[in-house]
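Take a look at the structure set out below.
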Amino acid sequence: MSYDLLIKNGTVIDGSGAPRFRGDVGITDGKIVRIGRINEKAKQTLDAEGHIVAPGFVDGHTHMDAQIFWDPIGSCSCYHGVTSVVMGNCGFTLAPCRASEADLVFRNLERAEDISREAMLAGINWRWESFPEYLDVLDSLPKGINYAAYMGHSALRTYVMGSRAFEEEATEDEIERMCQLTREALHAGAIGFTTSRSANHETSDHKPVASRVANWQEVRRIVNAMGDAGAGIFEIAGEDHGRDPERVREYHERLKSLAIESGVPITWGMFAKKEAPEIWRGYFDLLDEVAEAGGRMFAQVHSRSLNVIFSFEAHTPFDSWDVWRDIRKLPLEEQRASLADPEFRARLVAAASGPSERHKRGDRTVMPPDWDFVFHMTDASAPGRSQTDLAQEKGLQPVDMMIELALASDLKAMFRMPINNHDENDVIEMMKHPRSVVTFSDSGAHVSQIMDSSLQTNIFSQWVRDRQALTLEEAVRLVTFDTASQWGLHDRGLLRVGMAGDLAIFDPDTIAPNMPEVVHDLPAGATRLKQTARGFLATVVNGEILLQNNEHTGATPGQLMRGPLARPAPS
Ligand SMILES: [Zn+2]
């Protein structure tokens, strides 16, 4: 037998959790055809001595829906060993939608997911209306990695109801139409349906995104339509139920009944919140209850705290505050000059040291961040020191310390502010729970404020190597077999003969995320955070090398992964 690609001398960790073994992997026509000792020749051979050969990582929670049009390789996930992603989460998709109403969809996406409207206008050539047409366009695009796509409630609702989607409940006819379009999307290959009921998700004019205007009955009808069709996963950005146990229970009961009556797997992101630390374990109890009662539900968890990243090159917490807003719009050169002026700097520090009178939200005054929880980032895998500590050492105000560090670094200093998952012990407990999957990079969204595409490499640097809380085999399984299985990507996430030739080949002693950087390479020059990783020899997608030493080879071997109703029947 001859092979297209042969990976020699690596240590295979196959994704199942089984122990590692030395072996070669042979790939032909995009599929793994042999694992073991291979002596025959191949068109291309890669020596993986000293490296782990694992299945490519699978991320179930991204927002690459817009980005896929200008960034075929799926950055920054691809830099972290990810070869397959699911997009269209939280109700936000670009279909169904008429070209003439694209701006309504951008309204849903722009603020809720911080995807630049200018980038979308410049970067997307709109040539679809229905979800099936959109999938055909995705199929035709050059892709570095593999993509599966949900249909999102905000787009669906806006398509059916026009601008009323942002204000009114749907009529019976409109709900029926949404159900019908959902079935049509599943038959074309949508992987499921998503919605958001989260107060985090607003339009650019501070209104709820369209899906949040829907009542539960509407959600229930659409999810049941998926159940009737016999396919599809339902992802929900959950309700803000606060801490009242009765209100929490009421929401859990609704999710539970829906899972049981529809038979549709239900999933949502879960984080530990400092202000309500008792809430998250209740969700794990819910998962057990649902499983026992005959439904399917799984939680999506992260591998660390969810961080907002500050830097003068992108955002600071004070960009629109008094005094600050006078300089933050200026070129960085001029900002640097102002920061270096002691008198002006004192004014900035004073303005940022108390509540902002300009930013009353309702009757809530906006306060400066809690500096105990703003950390100077010097290493992407280490927690870094808090601004409070650093400032005390120097006898400065914390905000003055931030300016000091910025000036000392040519304004490149970065600070991370965890907004949840503050306690590492919570994080590892969530990761190890049998009904969770580790995913939620949010790649493609919040691109100038959050950079979680590195959550996969962080598992290996932080939890396997530094903390030794997971074995390599456990860690690989978390981001391959476990995620691929929950999303029904049946031919990925394992190294087995017949499975897709998606591989992450890395050095277990050095794999780690690099520090993020600020770049301006989006269409129309919009800003994003970019984060790469070290330790990867190669990332292989469908049998072709996509990245070698984490540099793009120019290949675009990725595929659209259509859902089960659009796959050919097994012969
Ligand atoms: Zn999301």
Charge tally in the Cβ shell below 15 Å around residue 473, where Lys, Arg are +1 and Asp, Glu are -1, residue 473 excluded: +2
Region 401-438 versus region 471-528: alpha-carbon centroid distance in Å: 20
Counted charge near residue 446, where neighbours are those whose Cβ lies closer than 13 Å (Asp, Glu -1; Lys, Arg +1): -3
Whole-number Å³ per residue for the convex hull built on Cα positions in region 6-136: 149
The chain: radius of gyration over Cα atoms, expressed as a fraction of 2.2 N^0.38 Å: 0.97
Members of 207/329; 432/530; 8/31; 143/412; 31/530 lying beyond 20 Å, as alpha-carbon distances in this model show: 207/329; 432/530; 143/412; 31/530
Net dipole in debye of region 311-416 [+1 Lys, Arg Cβ; -1 Asp, Glu Cβ; about Cα centre; nearest 20]: 320
Radius of gyration, Dmax [region 311-416; alpha carbons; angstrom]: 13.5, 39
Value of relative contact order over region 12-86, rounded to a whole percent, pairs C-alpha under 8 Å and six or more apart: 27
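All of the numbers you see were taken from the coordinates with simple rules; none came from a lab. Please read all numbers here as calculations on a predicted model, not as lab measurements. Cβ sites come from the backbone with ideal geometry, for glycine too, and all protein chains shown count toward neighbours.
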